[in-house]
Amino acid sequence: MVHEARVVKPDLKAKYISFEKGEGCFLIDSQGKRYLDAASGVGVVALGYGVAAFGAALKEQADALPYVHGMRFANSTVEKLAERVSHWTPEGMQSTFFCCGGSEAVESALKIVRQYYLERGLPERHRFIGRWQSFHGNTLAAQSVGGHILRRKAQLPLLTMWPHIVAPNCYRCPFSLAPEHCGIECAHELERVIRMEGAESIAGFVAEPIVGAAGGAPVPPDDYFGIIRDICNRYDVVFIVDEVITGWGRTGKRFGIEHWDVIPDVIVAAKGISSGYAPLGAVVLHDRIVDVFLSNSGHVEHNFTFAGNPLSCRAGLVALELMEQQAVVENSALRGAQLLKRLETLRSFPFVGDIRGKGLLIGVEFVEDQATKKPFPAEFQVNQWVNRIALELGLVVYPGGGTADGVTGDHILLMPPLVISADETDLLADRLTTTLQQFETELRARKDKGI
Ligand code: PLP
């Protein structure tokens, strides 16, 4: 069949908008139309587009040395980045394995944790617990521990059947409890599942501090992660926190987990670490993990060809330096608060169910009925519908489905560059308001037609 699908994308028949240039918080398409990028690509471009320092540094690195085989040799750029990362991570977390993205980082973390138990003479600890309605990447182990039901569906026969608990969601409590006296059942669920599955087989528990793509940024109850940390300690289970979206200032703290003063055993990160100027992921290990390797075999059996390549690491180094200089963590907290406040007015639309998040990771959930929180029928594809209108109006948001129960429900995520200004934040709120006005008109027209 003669066709035009040279690049394989989710929709092989669609004509995608082609972005050719970026300036600050704006993307420019092949027709010259400007869009405010309220998705930072997909939570990636923390410093915005067109930052000249990257071009100069990456040229210098490519001219000097683009690549070393990280398994066999060292390189000063990679060492410098690891040092810099350790200034961002919590106390006691100073050893990093670099890779090329979030899924690779999750896979790497699972394999390293498995080996940690082998080093300790506990080979039966090889299973991981994840959470429903969470996302840890699209490779098979990452999908196995992840709980994005719609994205797992096609691959189910290929996945490892690890246990899952529910993720916290106070707007739609999985236990139908009110936050004031819920006893944080969603956290205690971890203990029940560990006991039922057999603690002796469990290696780790994986969670996003605030669920991104699979949940639309529901913020967990205050005590949630303290309880999780305590359960992991008591059952000797490694706590892996997936900061792929929430890391590097996205939620108004360096890492999302810092909101709850909890120190994990492993941090998995990617996206904002290089602000999108080169592919980069990271697995940061607590000393208590590294010490076990050091006092046993001293050997970590894991690598990728492009793991810790100097070019990507140079992008990471420039990004972290600029993020420190430009105080993006503070700006994220400030602009996030401004945006949340502005978005409160959206609650007057009858189809806005919830608005939540921290820093510049904000979710807006849509419902057919505000009182009952009933989601729209899946076939309405409301998140895609809102996304289409937003694009027409020059606003890029990140749409997601399965928000209510993993299958139905709709949300959009707002996660603009962390350097967004006060005026641009207002513009974002204005364009989203216009988008929802337009959606309201189209929804009414659809209902009037009896569809
Ligand atoms: N973990 C989380 C929380 C993510 O949001 C993502 C991607 O969106 C991943 C892991 C996978 O990262 P990547 O797409 O870079 O493989």
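The values are calculated or read from the model by the stated rules, or taken from the named source; none is laboratory data. For clarity, every value in this text was computed on a predicted model and none was experimentally measured. In this analysis, Cβ positions are derived from the backbone assuming ideal geometry, glycine residues included, and neighbour counts consider all displayed protein chains. These accessible areas exclude ligands, DNA and RNA; they are computed on the full protein's heavy atoms, side chains included. Shrake-Rupley method; radii C 1.70, N 1.55, O 1.52, S 1.80 Å.
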Where labels lie 7 Å past Cα in the beta-carbon direction, separation of Y67 and Q370 in nm: 5.7
Between region 1-44 and region 162-217, the Cα center-to-center distance that results, in Å: 36
Size descriptor, Kirkwood hydrodynamic radius, that averages inverse alpha-carbon separations across region 1-148, Å: 19.7
Mean shadow area of region 249-336 over all directions, Cα convex hull, nm²: 6.9
Kirkwood Rh in Å, taken over all unlike Cα pairs in region 240-292: 11.5
Farthest positive-ward along the chain dipole, Cα basis, beta-carbon charges - from N138, I263, P220: N138
Backbone HN-Hα couplings from phi across region 42-47 [Karplus 6.51/-1.76/1.60, Hz, Gly and Pro as x]: 9, x, 9, 7, 4, 9
Share of carbon and sulfur in the accessible heavy-atom surface of region 52-325 [1.4 Å probe, %]: 54
Cα convex hull volume per residue for region 307-374 (Å³): 114
Rel. contact order, % - alpha carbon contacts under 8 angstrom, at least six apart, the chain: 21
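Beyond 30 Å between alpha-carbons counts as too far, so tell me which of K21/K153; K15/K449; K15/K373 fall in that bin.
Beyond 30 Å between Cα atoms: K21/K153; K15/K373.
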The chain: translational diffusion in µm²/s, Stokes-Einstein, Kirkwood Rh over Cα pairs, 4 °C, 1.567 mPa s: 57
Under Karplus coefficients 6.51, -1.76 and 1.60, residue-wise ³J(HN,Hα) of region 4-13 in Hz, glycine/proline x: 9, 7, 7, 9, 7, 10, x, 10, 5, 9
S275 - accessible surface, heavy atoms, 1.4 Å probe, Å² rounded to 10: 0
Chain lengthening between T441 and A178 when straightened (0.36 nm per residue, less Cα-Cα): 91.3 nm
Most positive-pole-ward Cα, C313, A109, A5, against dipole of the chain from beta carbon charges: A5
Principal axis box of region 148-227, alpha-carbon based, largest edge first, Å: 40, 31, 20
Inter-label distance, nm, simple model (7 Å from Cα along the C-beta direction), A422/E23: 2.3
Qualifying lysines (Cα of each under 28 Å from Cα of K80; at least 8 residues distant if same chain): K59, K111, K253, K271
